[in-house]
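Trainee: Please read through the structure below; I'll follow up with questions.
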Amino acid sequence: NLFVEGEKLNYDLRYLGATAAKFNLEVLPAKVVNDRKVYHFSGHAKTVKFFEIVYRVNDIIESFWDYDGLYTHRFTMDLDETKQSRKLIELYDYEQKKSFYWNRIDHTEKGFSEKKEEYDIKLWSQDPLSLLYYLRVIKLPQNKGESARMPVILDGKQWEAVMTFDRREKMSVGSRNFEANVYKLENF
């Protein structure tokens with residue numbers, strides 16, 4: 001069991017030195033998808049009251065990640081923002097190497113649109129949320145310039161995330177000192 005139900009990670013997203021939004025990740029109770037036990041990850045981004053004057057965000061994303069195989073089965077996104085609402089569901093079928101994609105957007109300026117499509121995908125792809133958890137369980141590079149590459153899919157589009165080791169850095173948390181690795185994450 002790599003992740004414990006109830007684990008929560010909370011982040012402050014800052015703009016010009018002030019907290020503009022909160023981003024919270026949580027491991028929810030395990031589920032079954034396609035007859036496979038899956039981790040259920042959830043992410044919630046929400047602007048703080050003051051920044052809602054500029055732009056309001058109340059977004060929820062979910063990933064259903066294979067317990068044993070460490071690949072994504074399903075990704076959902078429910079966006080509620082100042083100028084748009086959006087619902088997205090992606091289902092992944094690795095036997096067919098296909099992503100089944102449904103996306104509905106209601107934008108204040110661009111109007112309503114809906115897509116239902118299927119795309120070819122690489123085996124054992126990650127969605128953007130499962131990628132964050134995947135990076136916690138794989139062996140990451142430890143030498144300057146070394147990279148790890150992972151297939152990622154979002155909006156039916158396949159891309160590659162590249163995690164490159166940059167340097168080691170000393171950091172303090174409370175009264176404790178740590179040596180930390182610093183990585184650059186890029187997509188192609």
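Trainee: How about segment 146-158: which of its residues are touching a residue at least 24 places away in the same chain (Cβ under 8 Å), of a type in the set (D, E, K, R) and assigned to a loop (DSSP other than H, G, I, E, B)?
Mentor: Here is the first cut: in segment 146-158, the ones touching a residue at least 24 places away in the same chain (Cβ under 8 Å) are 150-158.
Narrowing the set further to residues that are of a type in the set (D, E, K, R) leaves 155, 157.
The one that is touching a residue at least 24 places away in the same chain (Cβ under 8 Å), of a type in the set (D, E, K, R) and assigned to a loop (DSSP other than H, G, I, E, B): Asp155.
Trainee: Considering only residues that are under 18 Å from Glu118 (Cα atoms) and open to solvent by 30 Å² or more (accessible area, probe 1.4 Å), which ones fall in segment 78-94? Step through it out loud before you land on a result.
Mentor: As a first pass, look at segment 78-94 and keep what is under 18 Å from Glu118 (Cα atoms): 87-94.
Residues satisfying the conditions are Lys87, Ile89, Leu91, Asp93.
Trainee: Here is a list: Glu95, Glu90. Which entry is of a type in the set (Asp, Glu) and modelled with pLDDT under 95?
Mentor: Being of a type in the set (Asp, Glu) and modelled with pLDDT under 95 holds for just one of Glu95, Glu90, which is Glu95.
Trainee: Same structure again: Which of the residues belonging to segment 1-48 are among the polar types (S, T, N, Q), out of contact with any Lys or Arg (no Cβ under 8 Å at 6 or more places or on another chain) and surrounded by 15 or more Cβ atoms within 10 Å (Cβ to Cβ)?
Mentor: So the first thing to find is which residues in segment 1-48 are among the polar types (S, T, N, Q), and the list is 1, 10, 19, 24, 34, 42, 47.
Filter once more, keeping what is out of contact with any Lys or Arg (no Cβ under 8 Å at 6 or more places or on another chain): 1, 19, 34, 42.
The one that is among the polar types (S, T, N, Q), out of contact with any Lys or Arg (no Cβ under 8 Å at 6 or more places or on another chain) and surrounded by 15 or more Cβ atoms within 10 Å (Cβ to Cβ): Ser42.
Here's the yes/no breakdown for (1) under 19 Å from the mean Cα position of the chain (by Cα); (2) aliphatic (A, V, I, L, M):
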| site | (1), (2) |
| --- | --- |
| Tyr71 | yes, no |
| Lys83 | no, no |
| Leu91 | yes, yes |
| His107 | no, no |
| Ser130 | yes, no |
| Tyr133 | yes, no |
| Leu140 | yes, yes |
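Trainee: A further question follows. Taking only pairs six or more apart or across chains, which ones have beta-carbon atoms under 9 Å, a first residue in segment 159-173 that is open to solvent by 50 Å² or more (accessible area, probe 1.4 Å), and a second residue that is β-branched (Val, Ile, Thr)?
Mentor: So the pair list comes out as Trp159/Val152; Trp159/Ile153; Glu160/Val152; Arg167/Val182; Arg168/Val182; Glu169/Val182.
Trainee: Restricting the search to segment 1-39, which residues are in contact (Cβ under 8 Å) with a residue 60 or more places away in the chain and within 30 Å of Phe50 (Cβ to Cβ)?
Mentor: Scanning segment 1-39 gives a single hit, Leu25.
Trainee: Further, regarding this structure: Going by what's in this entry, would Arg56 be described as surrounded by fewer than 16 Cβ atoms within 10 Å (Cβ to Cβ), over 21 Å from Ile138 (Cα atoms) and touching a Ser or Thr at 6+ places or on another chain (Cβ under 7 Å)? Spell out the reasoning first.
Mentor: On the way: surrounded by fewer than 16 Cβ atoms within 10 Å (Cβ to Cβ): yes; over 21 Å from Ile138 (Cα atoms): yes; touching a Ser or Thr at 6+ places or on another chain (Cβ under 7 Å): yes.
Judged against the criteria, Arg56 is a match.
Trainee: Another one. Any chance you could count how many residues in segment 62-94 are outside any strand (DSSP E or B) and of a type in the set (Asp, Glu)?
Mentor: 1
Trainee: Mind listing whichever residues of segment 95-145 are open to solvent by 70 Å² or more (accessible area, probe 1.4 Å), hydroxyl-bearing (Ser, Thr, Tyr) and part of a strand (DSSP E or B)?
Mentor: none
Trainee: Within segment 21-42, restricting attention to residues that are of a type in the set (S, T, N, Q) and out of contact with any Gly (no Cβ under 9 Å at 6 or more places or on another chain), which residue is modelled with the lowest pLDDT?
Mentor: Start the filter on segment 21-42 by keeping residues that are of a type in the set (S, T, N, Q), which leaves 24, 34, 42.
Add one more test, that the residue is out of contact with any Gly (no Cβ under 9 Å at 6 or more places or on another chain), and what stays is 34, 42.
Values: Asn34: 88, Ser42: 98.
Among those that are of a type in the set (S, T, N, Q) and out of contact with any Gly (no Cβ under 9 Å at 6 or more places or on another chain), it is Asn34.
Trainee: Shifting gears a bit: Only one of Ala45, Ala18 is within 30 Å of Thr108 (Cα to Cα) and modelled with pLDDT under 95; which?
Mentor: Ala18
The values are calculated or read from the model by the stated rules, or taken from the named source; none is laboratory data. For clarity, every value in this text was computed on a predicted model and none was experimentally measured. Note that we place each Cβ from the backbone using ideal geometry, even for glycine, and neighbour counts take in every protein chain shown. Accessible surface areas use protein heavy atoms only, side chains included; no ligands, DNA or RNA. Shrake-Rupley method; radii C 1.70, N 1.55, O 1.52, S 1.80 Å.
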